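Student: The following block contains the structure, expressed as structure tokens.
Quick note: the coordinates plus some simple rules give every number you see, no bench work behind them. This one's a predicted model, so the numbers in the text were calculated from it and none came from an experiment. Backbone-built Cβ (ideal geometry, glycine too); neighbour counts: all protein chains shown.
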Amino acid sequence: MSRTPDAPDVLVVGGGIIGLATAWRAAQRGLRVAVADPEPGGGAARVAAGMLAAVTELHYGEQTLLGLNLESARRYPAFAAELEAASGRSVGYRACGTLAVALDADDRAHLRELHALQRRSDLESEWLTGRECRRLEPMLAPGVRGGLRVDGDHQVDPRRLATALVVACERAGVEFRRAWAERLLVVHDRAAGAVLDDGTEAAAGQVVLAGGSLSGRLGGVPDDVLPPVRPVKGQVLRLKVPGSYAPFLSRTVRAVVRGSHVYLVPRENGELVVGATTEELGWDTTVTAGGVYELLRDAHELVPGITELPLTETRSGLRPGSPDNAPMLGFTELPGLLLATGHYRNGVLLTPVTGDVLADALTSGRLPDLAGPFSPRRFAPVGARVRQEQPA
Ligand SMILES: Cc1cc2nc3c(=O)[nH]c(=O)nc-3n(C[C@H](O)[C@H](O)[C@H](O)COP(=O)(O)OP(=O)(O)OC[C@H]3O[C@@H](n4cnc5c(N)ncnc54)[C@H](O)[C@@H]3O)c2cc1C
């Protein structure tokens, strides 16, 4: 393949946490890396709560994803420590655990089902009575009927994580191209970089598409390779726990209230994140009165004392959803083009493992076994899948 002299080995399109972790890890392996994004370190991480919730986010039919989630959770402490050392910035990793509670008989039945599924999956999770829940977290409503104590589901601060990744990338020599990638460059049937909206070209040996919910919109990508990613809106509130109230909550508390999920994530610095709505409304990111009302109503039922706290921020963001809620990692049918997208509601949790998997793939030309089930080729059109399954 002919290459532009001095072109980097890899162009990452999208500088959210997934693109940045990929770029950082690839640069650490000795590759020359560029990232195209008008605002690296932006994206959904500016909104996300940062729960590392492999166990409490378990859903029926997502056992394969569970394996990847658990692996990433296992890598988090070392990843956070290494990133903090490389960037000189804290990422707010907090091994605080999670309590999932039930407010009425229906919620309790739902939580019992989740507990049974967790037990069948060999996960650590302990059933507590309402009184035991309140002993752990005295601010909980007196009506709490029971709950699950999950000591292995922790948290990180996604905003700090994104900032630390930008600094670590800069220190590792990653080049930032602060512009939109308008179109993939394809030369001799191979991805060879991108055309940017500042009128320049960013040539590279391999391209990683990590554009979050916008990943399906990059021009020039053949239709059968374009990732089937859709935006799933989430509204989130931030409150401030004054120093005199501390500790308000000591761990993440979550519940399903009348069918909608609500969680409260207490940071060490006194920030309390309350989330999140789940809305299929395209690229709309309006914060609505209804969204804020529902979050406050449900959070208040869980922890009545929150109405005393200052409300400091309301915001919404877009989760990059995929057809099976699992990410797309690795090679596509177009040589030179890899995907790192579709992380949906677990993108913060999956950041360490994604960076490692993509760096492995970029350097070795092979997708690591643990990422096999997450190959983008699982969504290839039937014709392309048949071709791929036949020996060359
Ligand atoms: C409300 C909410 C709560 C969440 N809570 C959690 C949680 O508790 N735990 C968890 O694990 N996950 C959570 N998530 C999910 C997590 O935030 C996302 O999965 C993750 O941030 C996705 O990262 P990303 O880098 O793939 O995409 P994004 O964050 O969307 O970043 C993509 C980046 O690519 C850039 N881009 C796109 N197209 C182009 C282009 N053509 N050219 C140049 N740049 C481009 C964009 O500007 C953006 O900066 C939450 C998400 C939301 C919205």
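Student: For the chain, which semi-axes, largest first and in whole Å, follow from the square roots of 5 times the eigenvalues of its Cα gyration tensor?
Tutor: 38, 22, 19
Student: Could you derive backbone 3J(HN,Hα) for the stretch 41-56 from the dihedral phi with the Karplus parameters 6.51, -1.76 and 1.60 (θ = phi - 60°), listing whole Hz in sequence and x where the residue is Gly or Pro?
Tutor: After applying 6.51 cos²θ - 1.76 cosθ + 1.60, I find x, x, x, 5, 5, 6, 10, 4, 6, x, 5, 9, 10, 4, 8, 6 Hz.
Student: For D298, D151, which order do you get if you count the other beta carbons within 10 Å of each Cβ and list the fewest first?
Tutor: D151, D298
Student: Kindly work out what percent of the DSSP beta bridges joining two residues of the chain are antiparallel, to the nearest 5.
Tutor: Given both bridge residues lie in the chain, the antiparallel proportion sits at roughly 70 percent.
Student: When only Cα pairs under 8 Å and 6 or more residues apart are kept, what is the percent relative contact order across the stretch 124-209?
Tutor: 17 percent.
Student: Sticking with this one: If you place +1 on the Cβ of every Lys and Arg, -1 on the Cβ of every Asp and Glu, and leave all else neutral, what size is the dipole of the chain about its Cα centre, to the nearest 20 Debye?
Tutor: 420 debye
Student: Quick check: net charge around E57, other residues with Cβ under 12 Å of its Cβ, Lys/Arg +1 and Asp/Glu -1?
Tutor: 0
Student: Going by alpha carbons, how many degrees (0 to 90, nearest 10) lie between the helix axis of 105-120 and the longest principal axis of the chain?
Tutor: Between helix and principal axis, roughly 50 degrees.
Student: Show me, for the stretch 9-14, the HN-Hα J-couplings you get by feeding each phi into the Karplus relation (A = 6.51, B = -1.76, C = 1.60, θ = phi - 60°), rounded to Hz, glycine and proline as x.
Tutor: In residue order, the calculated couplings are 6, 9, 10, 9, 8, x Hz.
Student: Please list the non-local residues whose amide H lies under 5 Å from the amide H of G16, H modeled 1.01 Å from N, same-chain partners needing a gap of 5 or more.
Tutor: G41
Student: Still on this structure, I have one more. Quick one: net charge around E313, please, counting Lys, Arg +1 and Asp, Glu -1 for every other residue with C-beta under 10 Å from its C-beta.
Tutor: Net charge around E313: +2.
Student: Looking at the stretch 1-108, which chymotrypsin sites (Phe, Trp or Tyr not before Pro) are in a loop (DSSP not H, G, I, E or B) and have at most 16 other Cβ atoms within 10 Å?
Tutor: Loop-located and lightly packed - Y60.
Student: Quick one: angle between helix 351-364 and the longest Cα principal axis of the chain, in degrees between 0 and 90, rounded to 10, please.
Tutor: 20 degrees
Student: Now, a different point. Sort K233, K240 by Cβ crowding within 10 Å, fewest neighbours at the top.
Tutor: Arranged by neighbour count, lowest to highest, K233, K240 become K240, K233.
Student: Relative to the present Cα-Cα distance, how much length would full extension add between T307 and A81 at 0.36 nm per residue of separation?
Tutor: Contour length minus Cα-Cα distance gives 77.8 nm.
Student: Which angle between 0 and 90 degrees, to the nearest 10, do you get for helix 63-87 versus the longest principal axis of the chain when only C-alpha atoms count?
Tutor: The two axes meet at around 80 degrees.
Student: Now for a different question. Would you order E84, E57 from fewest to most other beta-carbon atoms within 10 Å of each residue's own beta-carbon?
Tutor: The fewest-first ordering by Cβ neighbours comes to E84, E57.
Student: Calculate one ³J(HN,Hα) per residue across the stretch 197-203 by plugging θ = phi - 60° into the Karplus curve 6.51 cos²θ - 1.76 cosθ + 1.60, and present them in order as whole Hz with x for glycine and proline.
Tutor: 7, 8, x, 9, 10, 10, 7
Student: Let me ask something additional. So what is the relative contact order of the chain, in percent, for Cα pairs below 8 Å that sit 6 or more residues apart?
Tutor: In percent, rounded to a whole number, it is 23.
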